[in-house]
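The values are calculated or read from the model by the stated rules, or taken from the named source; none is laboratory data. As the structure is a computational prediction, the values presented were derived from the model and not from experiment. FYI the Cβ positions are ideal-geometry reconstructions off the backbone, even for glycines, and counts take in every protein chain you see. For the accessible areas, the whole protein counts, side chains as well, though only heavy atoms, and no ligand, DNA or RNA atoms are used. Shrake-Rupley method; radii C 1.70, N 1.55, O 1.52, S 1.80 Å.
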Amino acid sequence: MRNKVIAGNWKMNKNIPETAELISGIKAGLKDVPANVEVIICPPFTSLETASTLIKGTVIKLGAQNMYFEESGAFTAEISADMLKSAGSEYVILGHSERRVIFKESNELINKKIQKALASDLKPIFCVGESLEERESDITKKVIETQVTEGLAGVPAEGIANIIIAYEPVWAIGTGKTASPAQAEEVHAFIRGLVAKLYSQAVADKLIIQYGGSVKPDNAKELLGQADIDGALVGGACLKADQFLGIIKPA
Ligand code: 13P
């Protein structure tokens, strides 16, 4: 049995006082979380250290939303793995579609970031997903296969144990259009099969695959009930404590 992992991607939201307020709301409602449910929050860089202090002694874990693959140096405005770790992060979201689309991140760049994160003891939440045009052209699986294969190039089997894959169909992000549980399950099962082919069935069986894209309290239960959906990567609904808690509960 795989754990259920619910992560909140705060995106470019919440300054430091707002961070403290949201975390206090989440903490107040987080009671008796079973050991097989993990909760991760991914606030903006500027809130990481504050968040890290505020979640001490709780089950909440901390992640960042991006990083650069170089160790240090003249890379103005970039953030290194070491910086994220020193601010208390355990996870880092990599390859989010907003990074791929708006900031033109390639599979090759994402692969370098994944390798660096793993080498630095940070756990990547590696996002993949097709656009609406790609789904309508019936090339969803081909797109996912390329993203997964190129993103994981050179990552050894031991590395996969520290990676979460998040399937986020781009057309379902922030649109209120969720993939149906069957649509999501089909791609999740495909990803698990692909990882079994690239590594082994045993590695694939342990892999956590989250679904992301308009996950809300009222659709979380059905999505999380699918055989290959092991959690959620939540955007909009993680910015309000009661909604985020409403997604953790069915997990
Ligand atoms: P929404 O939940 O707002 O659709 O965002 C999903 C997402 O992009 C999480 O990374």
Practice problem: In whole Hz, with x marking every Gly and Pro, tabulate ³J(HN,Hα) for region 171-183 from phi via Karplus 6.51 cos²θ - 1.76 cosθ + 1.60, θ = phi - 60°. | Solution: 5, 9, 7, x, 9, x, 9, 7, 5, 5, x, 5, 4
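Magnitude of the Cβ-charge dipole of region 112-162, K/R +1 and D/E -1, about the Cα centre, nearest 20 debye?
Numbers: 7 positive and 9 negative charges, 62 e Å.
Computed charge dipole of region 112-162: roughly 300 debye.
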Exercise. Could you grab the relative contact order for region 106-214? Cα pairs under 8 Å, six or more apart, rounded to a whole percent.
Key: 31
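Tell me, what is a quarter of the convex hull surface for the C-alpha atoms of region 50-89, in nm² with one decimal?
On the way: hull surface 12.4 nm².
Average of the hull's projected areas for region 50-89 equals 3.1 nm².
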Self-check item: Integer Hz, Karplus 6.51/-1.76/1.60 couplings in order for region 85-100, x for Gly and Pro
Solution: 5, 5, 8, x, 6, 10, 10, 8, 6, 10, x, 4, 4, 5, 6, 5
Quiz item: If R0 is 45 Å, what FRET efficiency do you get for K27 and E136 from their C-beta distance, rounded to 0.05?
Solution: 0.60
Exercise. In whole angstrom, note down how far apart the Cα centers of region 163-231 and region 61-120 are.
Key: 22
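Full extension from A196 to A119: what is 0.36 nm times the residue separation minus their Cα-Cα distance, to one decimal in nm? Don't skip to the end; give the middle numbers.
On the way: separation 77, 0.36 × 77 = 27.72 nm, distance 2.26 nm.
Roughly 25.5 nm would be gained on extension.
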Quiz item: Can you tell which of F244, I160, C127 lies farthest toward the positive end of the dipole of the chain, using +1 and -1 charges on the Cβ of basic and acidic side chains (Lys, Arg; Asp, Glu)?
Solution: F244
Exercise. Taking only Cα atoms and a 10 Å spring cutoff, compute GNM fluctuations for the chain and point out the largest among K27, K216, K197.
Key: K197
Quiz prompt | Accessible carbon and sulfur surface of the chain relative to its total accessible area, %, 1.4 Å | solution = 53
Exercise. Under a cut-off of 21 Å between alpha-carbon atoms, report the lysines in cross-link reach of K11, not counting same-chain residues fewer than 8 places apart.
Key: K27, K61, K85, K104, K113, K123, K177, K216, K240
Exercise. Can you find, among I40, N111, Y91, the residue farthest towards the positive end of the dipole of region 1-125? Put +1 on the C-beta of Lys and Arg, -1 on that of Asp and Glu.
Key: I40
Exercise. For region 41-148, report the accessible area per residue in Å² (1.4 Å probe, heavy atoms, rounded to an integer).
Key: 48
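Sorted by mean Cβ packing within 10 Å, highest first, what order do the peptides 111-122, 91-102 take?
Values: 111-122: 19.5, 91-102: 21.6.
The packing order, highest mean first, is 91-102, 111-122.
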Quiz item: Suppose every K and R has +1 on its Cβ and every D and E has -1 on its Cβ; what is the size of the dipole of the chain about the Cα centre, in Debye to the nearest 20?
Solution: 460
Quiz item: Which whole-Hz couplings ³J(HN,Hα) result when phi for each residue of region 73-81 is put into the Karplus expression 6.51 cos²θ - 1.76 cosθ + 1.60, θ = phi - 60°, listed in order with x for Gly and Pro?
Solution: x, 7, 9, 2, 6, 8, 10, 8, 4
Quiz item: Using 0.36 nm per residue, how much length does the chain from R2 to A189 gain when fully extended, once their Cα-Cα distance is taken away?
Solution: 65.9 nm
Quiz item: So how compact is the chain: Cα radius of gyration and Dmax in angstrom?
Solution: 16.8, 48
Quiz item: Using the beta-carbon distance between D205 and F45 and R0 = 25 Å, what value does 1/(1 + (r/R0)^6) give for FRET efficiency, to the nearest 0.05?
Solution: 0.15
